[in-house]
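I have placed the structure first, in the form of structure tokens, so that the comments after it can refer back to it.
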């Protein structure tokens, strides 16, 4: 049976291409793969691009949270140490947090980019993908708050 392999990349329309490029590179740590007058193509270093930022037309308005459209995009980091590192880094850059969540199969930090687009940085908390899927399917599985404040990065 044919099925999608993975999400290839995400393209975001942004209000200020220069400011968003700085945020995604200097704060989030993406590398620039290519820049043009209409957009910036960003990579995690392994493929041609993971995220692209396109300059939105003058006067474009963002969709309010909870409305139809993108809810958030998720970006995986290597492990809990990396997640703690980014949490401290985001705090140092005054990033606006939405929430920190322990999903059982992942630990996640949700925050907003300069245009209010919600982003999730997460790490897997299981040894295998099969364990993660079993947790996701477990009856009664619920989320809880992820506490990172008391744990040094």
> How do the pairs read when you match residues in the stretch 1-28 that are touching a residue at least 40 places away in the same chain (Cβ under 8 Å) with residues anywhere that are loosely packed, with under 14 Cβ neighbours inside 10 Å, using Cβ under 7 Å and keeping only pairs 6 or more apart or on different chains?
Replying inline: 13/60; 15/60; 27/93
> Has the stretch 49-64 got any residue that is surrounded by fewer than 16 Cβ atoms within 10 Å (Cβ to Cβ) and within 30 Å of residue 126 (Cα to Cα)?
Replying inline: no
> For the stretch 124-148, how many residues meet the condition of being touching a helix residue (DSSP H, G or I) at 6+ places or on another chain (Cβ under 9 Å) and within 15 Å of residue 91 (Cα to Cα)?
Replying inline: 1
> Looking at 111, 121, 97, which one is touching a helix residue (DSSP H, G or I) at 6+ places or on another chain (Cβ under 8 Å), loosely packed, with under 13 Cβ neighbours inside 10 Å and part of a strand (DSSP E or B)?
Replying inline: 97
> Of all residues in the stretch 1-26, which are farther than 14 Å from residue 49 by Cβ and surrounded by 10 or more Cβ atoms within 10 Å (Cβ to Cβ)?
Replying inline: 13, 14, 15, 16, 17, 18, 19, 20, 22, 23, 26
>> Whether any residue in the stretch 137-153 is within 22 Å of residue 24 (Cα to Cα) and either within 15 Å of the chain's Cα centre (by Cα) or surrounded by fewer than 16 Cβ atoms within 10 Å (Cβ to Cβ) (or both) is what I want to check.
In response: yes
> So residue 141 fits all but one of (1) without any contact (Cβ under 8 Å) to a residue 40 or more places away in the chain; (2) in a strand (DSSP E or B); what number is the exception?
Replying inline: (2)
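Quick note: the coordinates plus some simple rules give every number you see, no bench work behind them. Since this is a predicted model, take the numbers as computed values, not measurements. Cβ coordinates were reconstructed from backbone atoms using ideal geometry, including for glycine residues, and neighbour counts include every protein chain displayed.
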